[in-house]
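Asks: Just passing along the structure, written as structure tokens.
The values are calculated or read from the model by the stated rules, or taken from the named source; none is laboratory data. Fair warning: this is a prediction, and the values are worked out from it, not measured in the lab. Every residue, glycine as well, gets a Cβ built from its backbone with ideal geometry; the counts of neighbours run over all protein chains shown. SASA here: full protein model, heavy atoms, side chains in, ligands and nucleic acids out. Shrake-Rupley method; radii C 1.70, N 1.55, O 1.52, S 1.80 Å.
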Amino acid sequence: MPDKSKTIAVICGGLSPEADVSRLSANRITPCLEEYYGRVVHLELDQTLPEQLIAQQIDVAFPVAHGPYGEDGRLQGLLDIMGVPYVGSGALASACSLDKIVAKRLLQSSGIPMAKDRVVYRSDNYEDTALDCIESLGHKVIIKPSGQGSGIGVQFAMGYEDLMGKLKTGLQMDEKLLVEEFVTGREITAGVLHLDDYQVLPVTEITTPDGAWYDYVHRYTPGLSDHVIPARISDEQYRKVQEIALKAHQILGCHDLSRSDFIVPESGEPVFAELNNLPGMTPTSLFPDGARHAGISFDVLICKLVDQALKRGETMRNGREYWPIPKLDIQQQL
């Protein structure tokens with residue numbers, strides 16, 4: 001149950017391109033937290049964060065700092081070192097989830113169906129690389145930065161010349177890119193709520209006007225996308241999406257919540273695209289919609305996540321049992 005004696009830090013902003021979106025998430029969850037807990041403060045993900053966590057005597061953190069720095073394990077590692085419990089996955093799971101290439105390699109070994117891909121590095125020869133991508137992946141491909149979220153930096157290329165030009169553009173911004181075959185189908189997502197037990201939320205289909213791609217603008221502009229729940233896919237595909245979403249959450253070692261994205265063709269298996277280990281909480285975000293259709297209101301969802309983090313904090317304070325370590329006579333070595 002919510003505890004009025006607790007101080008909650010909502011951590012947002014930072015250096016990520018998604019800083020403004022994270023502030024939208026922060027503004028949406030704050031009224032819920034203020035109603036049920038004692039005190040809520042907004043803290044920016046910047047160089048003053050450690051001293052602010054100490055000065056504000058934070059009991060638990062709710063990170064909503066999406067993208068690099070906030071979602072890639074760096075913030076989570078800082079909170080671990082400072083002994084501040086927090087909502088969401090730990091440092092390792094966060095790092096592996098945000099890096100699309102690492103996540104794909106970890107999940108491919110478990111047989112999860114994915115698009116064929118090629119990793120391209122800044123040091124590669126563009127001409128040879130573009131030709132190899134066309135030969136191995138097909139004439140139409142999608143190019144993704146390895147460590148960004150919300151569709152930032154994603155490009156579509158058709159043919160050799162177009163691909164070569166877009167690789168040059170992308171590699172000016174990133175050291176490596178993930179190039180995937182273009183898969184046609186419905187854009188589908190499914191969340192996992194992981195508290196005392198696992199709950200896979202209803203599967204959602206994302207639609208956009210005139211078949212536009214679900215890019216950054218369509219994600220966060222009210223009215224430019226619709227969430228169809230339940231998704232209009234076959235019963236078998238629906239079951240498979242939920243099964244894969246849970247499997248990906250578990251393999252990557254996520255805590256509390258995650259959301260997996262898919263492309264689902266007219267027939268056949270869903271194709272896993274990526275996992276979001278810290279889904280957005282904005283008015284247009286998908287995870288809260290899925291929870292609502294599962295009978296979990298937004299206020300209840302936010303409180304359940306904070307309570308779970310507080311419970312982890314109690315475990316941390318009570319100490320953990322480690323493997324026994326032989327004693328060393330350090331004095332003789334000094």
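Asks: Check the stretch 174-182 and report whether any residue there is over 21 Å from the mean Cα position of the chain (by Cα) and under 18 Å from Val119 (Cα atoms).
Replies: yes
Asks: Please tell me if Asp261 is touching a strand residue (DSSP E or B) at 6+ places or on another chain (Cβ under 6 Å), more than 29 Å from Lys116 (Cβ to Cβ) and of a type in the set (D, E, K, R). Write out each step before concluding.
Replies: Numbers: touching a strand residue (DSSP E or B) at 6+ places or on another chain (Cβ under 6 Å): yes; more than 29 Å from Lys116 (Cβ to Cβ): no; of a type in the set (D, E, K, R): yes.
Judged against the criteria, Asp261 is not a match.
Asks: Looking only at helices (runs of 4 or more DSSP H) that lie completely in the stretch 1-97, which have at least 1 residues being open to solvent by 10 Å² or more (accessible area, probe 1.4 Å) and among the basic types (Lys, Arg)?
Replies: Passing ranges, in order: 19-36, 74-82.
Asks: Tell me, yes or no, whether the stretch 190-210 has at least one residue that is touching a His at 6+ places or on another chain (Cβ under 6 Å) and polar (S, T, N, Q).
Replies: Taking every residue of the stretch 190-210 in turn, at least one turns out to be touching a His at 6+ places or on another chain (Cβ under 6 Å) and polar (S, T, N, Q).
Asks: Just checking, which of Gly153, Gly170 is without any contact (Cβ under 8 Å) to a residue 60 or more places away in the chain and assigned to a loop (DSSP other than H, G, I, E, B)?
Replies: Unique residue meeting the criteria: Gly153.
Asks: Restricting to the stretch 114-130, and then to whatever is part of a loop (DSSP other than H, G, I, E, B) and open to solvent by 30 Å² or more (accessible area, probe 1.4 Å), can you tell me which residue is nearest to Gln52 (Cα to Cα)?
Replies: Checked the stretch 114-130; the qualifying residue nearest to Gln52 (Cα to Cα) is Arg122.
Asks: Checking the conditions here, which among Leu286, Leu278 is within 21 Å of the chain's Cα centre (by Cα) and under 16 Å from His194 (Cβ atoms)?
Replies: Leu278
Asks: If Gly165 passes every condition in (1) touching a residue at least 40 places away in the same chain (Cβ under 8 Å); (2) open to solvent by less than 40 Å² (accessible area, probe 1.4 Å) but one, which one does it miss?
Replies: So the condition that Gly165 fails would be (1).
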